[in-house]
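Heads up, the thing below is written out as structure tokens.
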Amino acid sequence: MQKNNQGSKVILPPGTIGIIGGGQLGRMMAVAAKQMGYQIVVLDPTPNCPTAQLADQQITAAYDDMDAIKQLAECSDVVTYEFENVDLEAAAYMEQQGKLPQGAFALEVTQNREREKKIMREADLPIPNFSIVTNGRACEDALKHISFPSVIKTCSGGYDGKGQIKIRAEEDAKEAIHFAEQNEHCIIEEWVSFDKEISVIFTRSQSGEITFFPIAENDHKEHILYQTTVPASVSEIVKEKAIHAAGVLANQMNIVGTFAIEMFVKDETVYLNEMAPRLITQAIIR
């Protein structure tokens, strides 16, 4: 388990919350925070981004601009991030300054599919079979030991169906080998013919208390989330399995804040897919 060395403290209004990333999730965070009386500072490279429209201040800079990161730290009582594509060096700096109560570890894991899957496997959670490959020859060897269909993905940088291709049959091996040669660090996973995708979202405090939100059911169009229905139409058995798996992973990673885990459901079996930090800092502003 990764230990979080951030001090336990409560930030009261009108304290300032810094947000790295100014998209729609940051905007929703800002709406709730402003209603509670907090000040908001957002760092995002896009002027007048969705979060900035509600924030008290925007620092317009790249996520890896360390001067901007230091400015954000100076004017914020606490800092969070709205998505996983945040610069790790910047997150580590915030953690060192005592401004990032959730720490940088969850961010480091969710940026890398290999680390995600290995942590899930170490926790003995249900996941599809997978192999890590770093070149075309390794990919060719791995495909001899994995069933079809399967999927090859980049270990970092992919989202919404980008950075991956489906390997439907042995005839697609050549394309997969070329993909591995181009992208080097990849993961090959057995394809799960799932009935539906669900998300378990929870908030975990620094003391380890977990509150689970109702399970969500996700529908996609062209690999992009189209509609989410809450609560999900799943059996009590699936619900129990999903919440149990999420709780195990939350404790394994010592998550602080709000976090989402995407899962596939096939009959009444649950397979963990990916993690998504939604690390709103309820743990320290309540």
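Coordinate-derived values only; no laboratory data. Please read all numbers here as calculations on a predicted model, not as lab measurements. Ideal geometry is used to build each Cβ from the backbone, glycine not excepted, and the neighbour counts take in all protein chains shown.
Hey, can you rank 90-97, 231-238, 37-44 by average C-beta count inside 10 Å, highest first?
In descending order of packing, they fall as 37-44, 90-97, 231-238.
Using Cα pairs under 8 angstrom and six or more residues apart, how large is the relative contact order of region 1-141, in percent?
Reported relative contact order: 22 percent.
I'd like to verify something in the chain: which complete DSSP H helices, judged by Cα projection on the helix axis, reach 24 Å or more and average at least 0.0 on the Kyte-Doolittle scale?
On the way: long enough: 236-253 (26 Å, 0.27).
Result, helices passing both filters: 236-253.
Rank these for me by crowding, Ile20, Ile224, Ile201, going from fewest to most other beta carbons within 10 Å.
Ile224, Ile201, Ile20
If the only charges are +1 at each Lys and Arg Cβ and -1 at each Asp and Glu Cβ, what is the size of the charge dipole of the chain around the Cα centre, to the nearest 20 debye?
Dipole about the Cα centre, nearest 20: 660 debye.
Taking the number of other C-beta atoms within 10 Å as the exposure measure, put Lys153, Lys221 in order starting with the fewest.
Lys221, Lys153
Once you wrap a convex hull around the alpha carbon atoms of region 16-102, what is its projected area averaged over all directions, in nm²?
Numbers: hull surface 18.8 nm².
Answer in nm², one decimal: 4.7.
How far, in nm, would the chain grow between His220 and Gln24 when pulled straight, counting 0.36 nm per residue and subtracting the alpha carbon separation? Walk me through the numbers on the way to the answer.
Working: separation 196, 0.36 × 196 = 70.56 nm, distance 1.81 nm.
This chain segment gains 68.7 nm when fully extended.
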